[in-house]
1. With a sphere of radius 14 Å drawn around the Cβ of G61, what net charge do the other residues whose Cβ falls strictly inside it have (Lys, Arg +1; Asp, Glu -1)?
2. So which lysines can K91 reach, going by Cα to Cα under 20 Å and dropping same-chain residues fewer than 8 places off?
3. Looking at region 3-58, I'd like the Rg to Rh ratio, where Rg is from alpha-carbon atoms and Rh is Kirkwood's inverse mean 1/r.
4. Show which lysines lie in cross-link reach of K33 when reach means a straight Cα distance below 20 angstrom and same-chain residues fewer than eight apart are skipped.
5. How many angstrom lie between the Cα centre of region 44-97 and the Cα centre of region 1-35?
6. Give me the extension gain from W20 to T107: residue separation times 0.36 nm, minus the current Cα-Cα distance, reported in nm with one decimal.
7. Using modelled amide H (1.01 Å from N, peptide plane; none on Pro or chain starts), what sits under 5 Å from the amide H of F49, excluding residues fewer than 5 places away?
8. At 222 nm, what helix-only mean residue ellipticity would the chain give, in deg cm²/dmol to the nearest 500, using -39500 (n - 2.57) for each DSSP H run of four or more?
Amino acid sequence: MARKYKQVHRKEIDFSLEEWAEIERRSAACHMKTGTYIRNIAVRGEMNFYDMEKVVPVLNGMRIISNNINQIAKKANETNNLYAGDVKKLKGDIQSLCRSLSQYLSTIQSTKV
């Protein structure tokens, strides 16, 4: 019979007040809980933080576009009126937008925390 809960190992670690303050500062900079931050640092060795504030307007624009596409698809299904050329152009535009977004995201600098 399989275990209901995964097995875990627990280890207690003591930090000085200065060390703990630094850990809390770094975990807050990554918008993470302190325990999650410590676990990730212990397993991965370093943390890279990406400031996504500049990307939020682009992502919101993508959501609006996808909502418009869904509305177009719904109307096309209701009327059974769909042109292959329109679909091809829409797919091309979306692929172009995705490529542009991907290139933009690859230029965002990470901050080692």
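The numbers here are math on the coordinates, done by the rules we state, and not lab data. Worth saying up front: this structure is predicted, and the values here are computed from it rather than measured. Glycine gets a Cβ as well: all are built from the backbone with ideal geometry, and neighbour counts include every protein chain shown.
1. Values: positive: K54, R63; negative: D93.
Here the count lands on +1.
2. K74, K75
3. Rg/Rh: 1.10.
4. Result set, ordered by chain and number: K11, K112.
5. 38
6. On the way: separation 87, 0.36 × 87 = 31.32 nm, distance 3.27 nm.
This chain segment gains 28.0 nm when fully extended.
7. When sequence neighbours closer than 5 places are left aside, the close amide H contacts are T111, K112, V113.
8. Working: 4 runs with 72 residues, N = 113.
The helix contribution divided over the chain gives -21500 deg cm²/dmol.
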